[in-house]
Every structure is written in structure tokens, then in C-alpha cells.
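A.B. asks: Sharing a structure with you now.
The values are calculated or read from the model by the stated rules, or taken from the named source; none is laboratory data. Quick caveat, the model's predicted, so the values are computed rather than measured. Glycine gets a Cβ as well: all are built from the backbone with ideal geometry, and neighbour counts include every protein chain shown.
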């Protein structure tokens, strides 16, 4: 990709002429549409965490609810919606049948110097263990949900189920952040 970008820049600057394209490939990320706004119940919920139990965290990737996740992120997350790259899981938190929040997790980037230095990974160990890390890329509690401690509660639920869900979806385990810390201590 870097070489292609350089060649295109050199052609744009008039320094070389590239042969004509053999084919044009559809790039869904370049031509992606903004998610349609979802209609959801925006009645304010202002109560204690104990009053909205049980909360159900549902993986929605490749389900009919994935468009709801995308729409909620686009409309209410300060970064908006962007497609996840690589392996990922999207969750919607429900109280009864009402969405109250969303969480997105992805596989870890190949190299982050400060992370690897903090963990104490050399290149060989990083290659061996990178699949054990999941990164939280999005976290949203809908603006009309005013429940103290809800964020911590949702994070706790997600760290307990992500390894199982990752295994079910991708057929290989993924370590949740809490278990990963235990792994590091015992390494």
C-alpha cells in the first residue's frame, strides 16, 4: 500500500506515467454509507443499577441488530461510526428490550511500542501472545441513560463473556483484559 501510494503521488506530480488500470476494485470502506438513524425509545432512565437488572449484553455482529449498533454509534458516540478492521465483536446492552449502551472490541494492533515495552514483550513473545489481547475500540452509554455505575457494570459483563464469544465466532480463543493481567503476573 505504501509503494502504491508513492507511485500514485509521483504520477500526480507528473514525475512518471503509470500504465492504465487493468480493473477497478470496489472498495466498500471508500464508498461506505453512513448508517441510517435508528428509532429507539429515548425515555430517560434515571435510577440505581439494581433497578435495571438483569442487563443483557448481546453480540450483534452479522445479525439483524448490527445496523442498530452502527446507527447508535453514528448518532451518539463522539467519534461516530467507523467500520472495524480485522476480527471484532460488537455488543449492545439491553434492559428488557431497550438498548442502553454499546461496546466494540477488536483484535490487537500488531505493534505498539509503549504497550510492548510495558508488557515486556520482545518480537518473538509478541508474535506468540498477540492473539490474547482484545482492544476496546468503542464504548457508549446512550445519553438518556442516567444510571450510576452502569459503565463499570457493562465492562465487567463484557470481560466475562468476550473470550467465549470470540471462540464461538472466530474458532480461536481471545483473552479478556482481566484474564490477560492475570496471565502477565504469572508469565
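A.B. asks: Of everything in the range 132-157, what is modelled with pLDDT of 90 or more, over 20 Å from residue 46 (Cα atoms), touching a helix residue (DSSP H, G or I) at 6+ places or on another chain (Cβ under 9 Å) and surrounded by 15 or more Cβ atoms within 10 Å (Cβ to Cβ)? Give them in sequence order.
C.D. replies: Restricting attention to the range 132-157, the residues satisfying the condition of being modelled with pLDDT of 90 or more are 136-157.
If we keep only those that are over 20 Å from residue 46 (Cα atoms) as well, we get 136-138, 156-157.
Checking the rest, the ones that are also touching a helix residue (DSSP H, G or I) at 6+ places or on another chain (Cβ under 9 Å) come to 136, 138, 156.
138 - this is the single residue of the range 132-157 that is modelled with pLDDT of 90 or more, over 20 Å from residue 46 (Cα atoms), touching a helix residue (DSSP H, G or I) at 6+ places or on another chain (Cβ under 9 Å) and surrounded by 15 or more Cβ atoms within 10 Å (Cβ to Cβ).
A.B. asks: Considering the range 1-43 alone, what residues qualify as being exposed (fewer than 10 other Cβ atoms within 10 Å of the Cβ) and closer than 30 Å to residue 149 by Cβ?
C.D. replies: Result: 39, 43.
A.B. asks: Taking residue 45, is it touching a residue at least 60 places away in the same chain (Cβ under 8 Å) and more than 17 Å from the chain's Cα centre (by Cα)?
C.D. replies: Answer is yes for this residue.
A.B. asks: Now for a separate question. Being closer than 25 Å to residue 169 by Cα and under 21 Å from the mean Cα position of the chain (by Cα) narrows it down to one residue among 35, 54; which is it?
C.D. replies: 35
A.B. asks: Further, regarding this structure: Condition (residue is touching a residue at least 60 places away in the same chain (Cβ under 8 Å), surrounded by 13 or more Cβ atoms within 10 Å (Cβ to Cβ), more than 20 Å from residue 146 (Cα to Cα) and in contact with a strand residue (DSSP E or B) (Cβ under 6 Å, 6 or more places away or on another chain)) applied to the range 53-61: is it met by at least one residue?
C.D. replies: The answer is yes; a qualifying residue exists.
A.B. asks: If we scan the range 62-72, do we find a residue that is part of a helix (DSSP H, G or I) and at pLDDT below 95?
C.D. replies: No.
A.B. asks: Let me ask another. On the basis of being within 19 Å of residue 171 (Cβ to Cβ), in contact with a helix residue (DSSP H, G or I) (Cβ under 8 Å, 6 or more places away or on another chain) and either free of Cβ contacts under 8 Å to residues at least 40 places away in the same chain or outside any loop (DSSP other than H, G, I, E, B) (or both), does residue 89 make the cut?
C.D. replies: Yes.
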